[in-house]
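A short write-up of the structure that comes next.
The values are calculated or read from the model by the stated rules, or taken from the named source; none is laboratory data. All of these numbers come straight from a predicted model, not from anything done at the bench. Reconstructed Cβ throughout: ideal geometry from the backbone, glycine too, with neighbour counts over all protein chains shown. Heads up: the accessible areas ignore ligands, DNA and RNA and are worked out on the full protein's heavy atoms, side chains in. Shrake-Rupley method; radii C 1.70, N 1.55, O 1.52, S 1.80 Å.
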Amino acid sequence: MVNVHHADERQRLMLTCCYQAVREHFSHIALRDIIEPPHGLFDALLARQCAVTLMRDEFHVPRRRIAMMLERQRTTISFAMQAVTTRRDCAVFNIAYERMARRAREIFNRETRKVAA
C-alpha cells in the first residue's frame with residue numbers, strides 16, 4: 001500500500017505511472033529495458049527520456065529530485081528532458097507524448113483512488 005501523503009512514496013508511484021504510460025506507447029519494449037535501457041537500444045532510451053520528462057511536465061517533480069530517484073547526474077536528466085522537448089516540435093511526436101501524459105495521470109489518479117478507498 002502506498003502512503004500518498006509521504007513524498008518519497010508518492011513520487012515513486014508517479015514514476016511507476018510514467019513508466020507504465022510510456023510502456024503502453026512503446027509496447028514493443030520490455031519494461032525492464034525502459035527502466036534500464038540496454039546499450040544501443042535507442043527506442044528504450046527514448047522511452048526512458050519520455051518517462052523522465054513526464055515526471056517533470058505532468059507531476060511537477062523537480063529535476064534534482066528525479067536525478068536523486070534515478071541515481072543519475074542532474075545534467076543527464078537535463079539532457080534527457082531537452083531531447084524530448086526538442087522532439088515535441090514534431091506534431092506526431094507531440095500528440096504521442098500528450099497521450100502518454102494523459103495516460104500517466106489517469107493511472108496515477110486510479111492508483112490514488114484505490115488507496116483512498
Next item on the list: Only Lys, Arg, Asp and Glu count, each charged at its Cβ (+1, +1, -1, -1), so figure out the dipole size of region 36-115 about its Cα centre, rounded to 20 debye.
Entry: 300 debye
Item checked: Separation in nanometres of the label points that stand 7 Å from Cα toward Cβ, at D43 and L31 -> 1.9 nm
Next item on the list: Calculate, in nm to one decimal, what C90 and T112 gain on full extension: separation in residues at 0.36 nm each, minus their alpha carbon distance.
Entry: 4.6 nm
Item checked: Inter-centroid distance (Cα atoms) of region 85-111 relative to region 9-50, Å -> 13 Å
Item checked: Theoretical gain in end-to-end length, S78 to R102 [0.36 nm per residue, Cα-Cα removed] -> 6.4 nm
Checklist line | the chain - mean residue ellipticity at 222 nm from DSSP helices (-39,500 (n - 2.57) per run, n ≥ 4, rounded to 500) | finding: -25000 deg cm²/dmol
Notebook entry, point to check: How large, in percent, is the carbon and sulfur part of the accessible surface of the chain at a probe radius of 1.4 Å?
Noted result: 53 percent
Next item on the list: Provide Rg over Rh for the chain; use the alpha carbon set for both Rg and the Kirkwood Rh (inverse mean inverse pair distance).
Entry: 0.96
Notebook entry, point to check: What net charge is computed for the residues neighbouring L45, neighbours being all others with C-beta under 11 Å from the C-beta of L45, Lys and Arg scored +1, Asp and Glu -1?
Noted result: -2
Next item on the list: Give the whole-number value, in cubic angstrom per residue, of the convex hull volume spanned by the C-alpha atoms of region 62-117.
Entry: 82 Å³
Notebook entry, point to check: Which length gain, in nm to one decimal place, applies between V4 and M68 when the Cα-Cα distance is subtracted from 0.36 nm times their residue separation?
Noted result: 21.1 nm
Notebook entry, point to check: Farthest toward the dipole's positive end in the chain, which of V92, I107, A30, given Cβ charges of +1 (Lys, Arg) and -1 (Asp, Glu) about the Cα centre?
Noted result: I107
